[in-house]
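Worksheet: the structure to be examined is printed underneath.
No value in this document is a laboratory result; all are computed from the given coordinates. If you're wondering where the values come from, they're calculated on a predicted model, not measured in any experiment. Cβ: placed from backbone, ideal geometry, glycine included. Neighbour counts: every protein chain shown.
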Amino acid sequence: MFQLPRPAGVPVRAALLLAAASVVIFLCTAALPGDAADVLGGGRATAEELARLRAEQGLDRPLPVRYLDWLSGVLTGEPGVSLITGRPVAELVAERAAVTLALAVAALALGLPLTTALAWAAVRGPRWARPAVNTLIVTGAALPQAVVAAALVAWLSTAWGAFPPVSMLPAGEPPWHRPDLLVLPVLTLALPTAAYGAALLRGAIADVVAQPYVRDAELRGLSPVTVLFRYVLPMVAAPATRLFAVLLGGLVAGTAVVEILFGLAGLGELLVTAISTRDVPVVQNVALLAAAVVVAGLLVADAAAPEAVRS
Amino acid sequence: MRRRTAGALAAWAGAAVLVALGGRALTGHDPAAVGATPWAGPEPGLPLGADGLGRDVLSRVLAGGQDLTLTALAAALTASALGVAGGLWAGWNRGRLSRAAAATADLLLALPLLLLALLAVVALPGPAAVIAGTVLGGTPLTLRVVADATAGARHAGYVEAALARGERGASVLMREVLPAHAGIIGADLAQRFVLSVQLAVALNVLGFGPAPPAPDWAAMLRENLPGLGLNPAATIVPALALAVLTGSFAALSHALTSRDGAP
């Protein structure tokens, strides 16, 4: 399921992947009907003013030159300036990274054990419970995030009054000062992620469980937990680390929906706002950052997967 | 037994799509008309109450699935058709070119689906971005599944018999290989549909869907979440509609794959 081709070394592949992502990102934003000059001109600028703005922004230069210009800016730490607020993109990103990081780390910390538990229950749980767990995994992975969010708010916030339904975290305040605001967003991210992850991990666990040494261990009377940690999990390490990378990728993009729904000012909200106001420098750099996180996840997965178990 | 389960699930999923597509015809009121008290609870004439602008929730639910379902169907069918065609070709001719196609597909898989769709929405209208995202992120998956199945069938008895009868490769693929893997392809198509609904819901929640007065299940979730304590039906009913739509296709896909013995 997670086999990626290995034509070159892992770092080379990661660099290629990131370069390809940067080209895709640049072409998508360059294909915008109208350009940055239209945004800056506010729709009322005359043709001469637009031409002057274009020359100022360097938009009259050919595409490859603009691409290389952006790339060298990213590599030297000066990726650009927001068209709307006039502030450096690096500053905007630094301000909002904490919220998104807190959401993603907490969702992974909750999601990974839950993934393992669900996958194990589907394969080795009590026989009567297995169909129910499988149904839970299949339908849970299919639910759109916004539906999970609505269900959680209805259950935990409205019916129990437990957590604020829409959080108003003051911009710039570290999210861990108000952990109660993060509970619903983190659950919204973690639950479908765990179901999706379990759907993928289930098969790998079933393969290992069918091995004779696992049946031996069970017949020797070892507890299910010991069997899981000592005999099963080490053998699924390779698919599980790739699974980690896939889930991380889903979370990186998925936080956008959660941040918008729950009113958190993170990177996803920054990206979505920038797309709707056509703030091209912000879109380019936040998207590239997201791609870089995904590629980093794949790198870690490749490095962590033991050579012998690679398929 | 399994076959009957899959048949029942297929009928159920088909009915869900028909209701989503045809619900608009059943609306008594204009779904965009304003008139009731904001967040009014259920009352005679307003079975599901009103939303924050005083619009009839029932009419909005009935009409709000059409665009989303049509977009998702178009996206799933496009991604699946491209993936099946590419997979049959790549699995039949295991050459350098088909390996290159598989490598490109893997490259696309490394980028998250929603990120691809968000980038597409920069340049394209919402529904087109859903189709683009599903094709970029879903076609590689279909391609891999179909290519593996086709490569496995390449030397199967029924294929060799057909080739020995003198049938051409293309006709063997269409008449023998494709029907033999209808279950896998159907399951994959259902999975693509689930993914594209998820993608459409995400984009519409983020505000890239139909323009505001138009009713849409996903946009209703965002609009009505703040009023959940006042009129729960305004959020819960569209959420249920989306859950039934995606859940029935996911269950259908699961039933089809487990019948074929695939994990």
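Think of it as helices only: each DSSP H run of n ≥ 4 in the protein assembly as shown is worth -39500 (n - 2.57), and spread over all residues that comes to -22500 deg cm²/dmol at 222 nm. The stretch between A:Ser72 and A:Arg230 holds 52.1 nm of extra length on full extension. This uses 0.36 nm per residue minus the Cα-Cα distance. Entry note, region B:121-263: relative contact order of 28 percent, from Cα contacts under 8 Å with a spacing of 6+ residues.
Within the listed set B:Ala170, B:Ala117, B:Ala251, the Gaussian network model of chain B (springs between alpha-carbon atoms below 10 Å) gives the highest mean-square fluctuation for B:Ala170.
Normalising the average separation of contacting C-alpha pairs (under 8 angstrom, six or more residues apart) by the number of residues puts the relative contact order of chain B at 27 percent. Couplings 3J(HN,Hα) for region A:200-209, derived from phi with the Karplus relation 6.51 cos²θ - 1.76 cosθ + 1.60 (θ = phi - 60°), are 7, 7, 3, x, 5, 5, 4, 4, 5, 4 Hz, where x marks Gly and Pro. Amide hydrogen proximity for A:Val81: with H placed 1.01 Å from N in the peptide plane, the residues at 5 or more positions away or on another chain lying under 5 Å are A:Val89. Modelled spin labels at A:Ala237 and A:Ser276, positioned 7 Å past Cα toward Cβ, are 4.6 nm from each other.
Working note: Karplus 6.51/-1.76/1.60 with θ = phi - 60° gives region A:189-195 the couplings 6, 6, 5, x, 4, 5, 5 Hz, where Gly and Pro are set to x.
Close amide H pairs (under 5 Å, H built 1.01 Å from N) link B:Ala40 with B:Ala50, residues at least 5 positions away or on another chain. For region B:147-228, run through the trypsin sites (Lys or Arg not before Pro) and keep only the ones in DSSP coil with at most 10 other Cβ atoms within 10 Å of their Cβ. Those that pass, being in a loop and sparsely packed, are B:Arg165, B:Arg168. A simple rule links phi to the HN-Hα coupling: the Karplus curve 6.51 cos²θ - 1.76 cosθ + 1.60 with θ = phi - 60°, which for region B:61-72 gives 5, 4, 8, x, x, 5, 4, 4, 5, 4, 4, 5 Hz, with x for Gly and Pro. Ranked for footprinting exposure by Cβ neighbours inside 10 Å, fewest first, B:Met220, B:Met174 give B:Met174, B:Met220.
Going from the residue with the fewest nearby Cβ atoms within 10 Å to the one with the most, A:Ile275, B:Ile184, A:Ile84 rank A:Ile84, B:Ile184, A:Ile275. Mean partner shielding of peptide B:196-208, defined as the number of other chain Cβ atoms within 10 Å of each residue Cβ, is 5.
Put simply, when B:227-233, B:14-20 are sorted by average Cβ atoms within 10 angstrom per residue, most first, you get B:227-233, B:14-20. Of the residues A:Trp70, B:Trp12, B:Trp89, A:Trp155, the one with the fewest other Cβ atoms within 10 Å heads the list, and the complete ranking is A:Trp155, B:Trp12, B:Trp89, A:Trp70.
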